[in-house]
Amino acid sequence: MKHVELDQKIMKYTYGQPIETDAVVLGNIKVGENLSYLALEGKSFKYKLKKDIPVYGLGESVRGINKRGWIYESFCSDDDMHTETKRSLYAAHNFIIIAEEKPFGLFIDYPGRLTFDIGYSQLDELVITPENMDLDLYILEGDTLLDIVKTFRQLAGASYIPPRWAFGYQQSRWSYKTNEEVRAVAKGFRDNGIPLDSIYLDIDYMERLKDFTIDREKFPDFEELVAELKEDGIRLIPIIDAGVKVEEDYNIYEEGVAGDFFVRDEKGDIFEGAVWPGKVHFPDFLNSKAREWFGQHYAYLMDKGIDGFWNDMNEPAIFYTPRAMAQAMHKVEESKDKNIDLGTFFGIKDSFSQIMNKEEYFKEMHHNMDGKCVRHYDVHNLYGYNMTRAAGEAFEKLRPSERVLLFSRASYVGMHRYGGIWTGDNRSWWSHLLLNIKMMPSLNMCGFLYSGADVGGFSDNTTEDLLTRWIQFGIFMPLLRNHTAAWTRQQEPYAFEHTERLKKWIKLRYALIPHLYSEYMKAALEGGMYFKPLAFEYEDEYVREMEDQLLVGESLMIAPVYEQNKTGRYVYLPEDMLLVTFEDEKTYTLTKMAKGHHYVACDMDHLILFVRPGRMLLLGAAADSTKDLDMTSLTGIAYCKEVCHHTYYEDNGMDRQVHLEGHVTEVEIKKENNHFNIKLKNAPCSVLKKLALTLFDNETETITGIQYDI
Ligand code: MIG
């Protein structure tokens, strides 16, 4: 990561005795003397919000890109109903930017419950309230919003980089239960010629839902299955849950007890909760020895050819505790032969309906943070982060030279160094497609670049048009995974009438991978953003409120269609742009569009994107899997008014060691007297041999085809 001169850019203020979260990697930060910007009143930090000034950030949370007008709570929650009145989702990303003329950012490094009241109690007031005053507060300054994001990345560390194959299309379902079912999915894709890079294994692959086991009845030839699919360019990605089943002779359980690696209760006994496997113990991921112990067990699956994982239920999710269940049962028994009054009735009902994820469980749980006993509730937001860190740190040893795919459900700032996230149990709702669009840039601000939502929606039955529109947006998301719940209709692209249409958009994703991967890598290596709100690059009265168009990397703007029964949409262009309307992954038309307001046609058979002036889109050819992508020959579609500049990053998609130097090919095009002057500086590692250029010339509006052999 590039290091810019920090001098006065970050100020740190410490209150009370903060618990170390390891969110921050930067040392020697200037300690502020008098709190600037904010006023500390009682237990809250307050700030007067000027009229119309947006507040950005908070990563995974409900509502818009501009977070004003709601109260958000950082408390990782297993809640599958992501409606706009919720205060927290699965993550805690305590970073915001106040977009004043002289913008500034705030990071509250605090692992407990924290609220951001951003104009909820009072329209023009920001109030940040931690439960306890033990925290580090960082104030970040910068000339632009993007500068502040980059400074934040220096503070919290560089973002996780997945292997390039993780940019392929990924198919999931809870669950593909047997080797036959998995083979049938692979066949469904290959028979239909739909590209695919991975199939997910949800909880049913395990033996009695135990981590690091394989149900040999359902997967007798697991190793062969993994090898056979990999040969075909398809990887299997198993899930790992946080809870470890209590079962005698189960190695993980036995080792965890013997090694004292499990979370304890307030009396010092091993805490017992219940999740999918029934009774479980929770690994103490806040303990470095327990992390190391759990992490090394991923090797069990990696030795069988597995190259990627998803970590689930790590808020942690707790269905009930035996103690709470006994109390609930007792209530029932007590009232068994009685004439039940209303109060008793609701008491009984609630003791069951509200038994999941109770706050009291988190107060019972205790960690051994390397010698210090800490109540779980006070460090709740670090749990999923450290589960993923356990895996990430283990992978550095198990696969020292190669990248491993890893993402998590729960997270905290700092986890972005070890893995990505998916945004949990959304629904097959149009409003959740829009939420997905709005959430992506916020996640990027907080460092979570490799991320995505369940495409098509997790709960509820999707519809073909929703899936189509979601894929049309999803092809720009780093993590493009179609996932759905156990009780829903089939959601694979071949399960619908217009398979060919879904297929061509997935193929377009593959044609875009050289470009998108390059944009991702530049964002990751420069500490920047892959998805940006328009307001991060443009300034006018319209872009400030523009939340349904996004910038993707340095060249592109997208305007996804996210409403049902639409054959186009309203688009605002902050400057002249080149509209690319795709018919399929190979066929497209180019139209110059003037700055301003437009209605652009885009039915489900078409896909639109915009190339910014002076920028270029690189397009390759689709393939069945990323391993078959031809990276030697690309087409560049440049919107070259006067000049056009593009940097293209390449590597082998696998090495852990990554840097920009030596990996960037520079293309520079200048228009001089009706003639294009093309300069190309090829990266030493580049495999690019042919670049076919389509130059869109503003003046004459003609298109020139140029073949450039490298
Ligand atoms: O309580 O493993 O968010 O993606 O399919 C549900 C089953 C547990 C929740 C995850 C979802 C996954 C599901 N898990």
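The values are calculated or read from the model by the stated rules, or taken from the named source; none is laboratory data. Just so it is clear, the model here is predicted, and its values are computed rather than measured. Virtual Cβ from ideal backbone geometry, glycine too; neighbours counted across all protein chains shown. Note: areas computed on protein heavy atoms with side chains; ligands, DNA, RNA excluded. Shrake-Rupley method; radii C 1.70, N 1.55, O 1.52, S 1.80 Å.
For the reader, a short list of remarks on this structure follows.
- Within the range 272-317, being more than 30 Å from LEU229 (Cα to Cα) and small (Gly, Ala, Ser) holds for GLY273, ALA274, GLY278, SER288, ALA290, ALA317.
- Applying the criterion of being assigned to a loop (DSSP other than H, G, I, E, B) and acidic (Asp, Glu) to the residues of the range 183-202, the residue that is farthest from the ligand (Cβ to nearest atom) is ASP197.
- So PHE75, is it closer than 22 Å to MET415 by Cα and either touching a Leu at 6+ places or on another chain (Cβ under 9 Å) or away from the ligand (no atom under 16 Å from the Cβ) (or both): yes
- Condition check for VAL664: surrounded by 14 or more Cβ atoms within 10 Å (Cβ to Cβ) and closer than 21 Å to SER518 by Cα: yes
- Qualifying residue in the range 39-46 (condition: modelled with pLDDT of 95 or more, more than 16 Å from the ligand (Cβ to nearest atom), surrounded by fewer than 12 Cβ atoms within 10 Å (Cβ to Cβ) and not in a loop (DSSP other than H, G, I, E, B)): yes
- Among the residues of the range 90-143, those that are out of contact with any Asp or Glu (no Cβ under 7 Å at 6 or more places or on another chain), among the small types (Gly, Ala, Ser) and closer than 14 Å to VAL413 by Cβ comprise ALA92, GLY105.
- Odd one out for SER121 among (1) among the small types (Gly, Ala, Ser); (2) surrounded by 17 or more Cβ atoms within 10 Å (Cβ to Cβ); (3) more than 16 Å from the ligand (Cβ to nearest atom): (2)
- Elements of the type strands (runs of 3 or more DSSP E) sitting completely within the range 311-428 and holding at least 3 residues that are of a type outside the set (Phe, Trp, Tyr) and closer than 21 Å to TRP293 by Cα: these cover 366-369, 372-375, 405-408.
- Some residue of the range 242-262 being more than 26 Å from PHE362 (Cα to Cα), open to solvent by 10 Å² or more (accessible area, probe 1.4 Å) and under 26 Å from the mean Cα position of the chain (by Cα): no
- Condition met for GLY157 (surrounded by fewer than 24 Cβ atoms within 10 Å (Cβ to Cβ) and on the phi > 0 side of the Ramachandran plot): yes
- Hits in the range 646-671 (condition: touching a Ser or Thr at 6+ places or on another chain (Cβ under 6 Å) and over 24 Å from LYS627 (Cβ atoms)): GLU666
- Among (1) in contact with a Phe, Trp or Tyr (Cβ under 6 Å, 6 or more places away or on another chain); (2) open to solvent by less than 10 Å² (accessible area, probe 1.4 Å); (3) not basic (Lys, Arg) - the single one ILE96 does not satisfy: (1)
- When LEU140, LEU155, LEU146, LEU126 are checked against the criterion of being within 30 Å of PRO400 (Cα to Cα) and outside any loop (DSSP other than H, G, I, E, B), a single residue qualifies: LEU155.
- Qualifying residue in the range 606-621 (condition: within 26 Å of the chain's Cα centre (by Cα) and farther than 23 Å from GLN549 by Cα): yes
- Selection within the range 429-466: residues that are open to solvent by 20 Å² or more (accessible area, probe 1.4 Å) and in a loop (DSSP other than H, G, I, E, B). The member of this set that is farthest from the ligand (Cβ to nearest atom) is THR463.
- Residue within the range 368-377 that is in contact with a helix residue (DSSP H, G or I) (Cβ under 7 Å, 6 or more places away or on another chain) and crowded, with 17+ Cβ neighbours inside 10 Å present: yes
- Evaluation of TYR520 against (1) within 20 Å of CYS446 (Cβ to Cβ); (2) touching a Lys or Arg at 6+ places or on another chain (Cβ under 6 Å) (one fails), failing number: (2)
- Only residues that are open to solvent by 10 Å² or more (accessible area, probe 1.4 Å) and under 15 Å from PRO283 (Cβ atoms) were counted in the range 378-393, giving 2.
- Yes/no for THR632 being modelled with pLDDT of 95 or more, surrounded by fewer than 14 Cβ atoms within 10 Å (Cβ to Cβ) and more than 26 Å from the chain's Cα centre (by Cα): yes
- Qualifying residue in the range 61-77 (condition: closer than 30 Å to TYR542 by Cα, surrounded by fewer than 18 Cβ atoms within 10 Å (Cβ to Cβ) and basic (Lys, Arg)): no
- Restricting the range 240-271 to residues that are among the hydrophobic types (A, V, I, L, M, F, W, C) and in a loop (DSSP other than H, G, I, E, B), the residue that is nearest to ARG375 (Cα to Cα): VAL263
- The condition of being modelled with pLDDT under 95, aliphatic (A, V, I, L, M) and crowded, with 21+ Cβ neighbours inside 10 Å holds for ALA324.
- Residues of the range 301-324 satisfying the condition of being more than 16 Å from the ligand (Cβ to nearest atom), under 29 Å from ASN357 (Cβ atoms) and of a type outside the set (A, V, I, L, M): THR321, PRO322, ARG323
- Test: residue in the range 481-495 that is hydroxyl-bearing (Ser, Thr, Tyr), under 25 Å from ALA91 (Cα atoms) and within 16 Å of the ligand (Cβ to nearest atom): yes
- Residues of the range 610-657 satisfying the condition of being aromatic (Phe, Trp, Tyr) and touching a helix residue (DSSP H, G or I) at 6+ places or on another chain (Cβ under 9 Å): TYR648, TYR649
- Candidate set: the range 13-23, residues that are more than 14 Å from ARG389 (Cα to Cα) and part of a loop (DSSP other than H, G, I, E, B); chosen: the one most open to solvent (accessible area, probe 1.4 Å): GLN17
- Lone qualifier among ASP460, ASP454 - being among the charged types (D, E, K, R) and over 30 Å from LEU106 (Cα atoms): ASP460
- The set of residues from the range 272-300 being within 16 Å of the ligand (Cβ to nearest atom), open to solvent by less than 10 Å² (accessible area, probe 1.4 Å) and outside any loop (DSSP other than H, G, I, E, B) comprises GLY273, ALA274, VAL280.
- Residues that are closer than 19 Å to LEU301 by Cβ and more than 16 Å from the ligand (Cβ to nearest atom), drawn from the range 153-182: PRO162, PRO163, TRP165, ALA166, THR178, ASN179
- Looking across GLU60, GLU101, GLU73, one residue alone is without any contact (Cβ under 8 Å) to a residue 60 or more places away in the chain and in a loop (DSSP other than H, G, I, E, B). It is GLU101.
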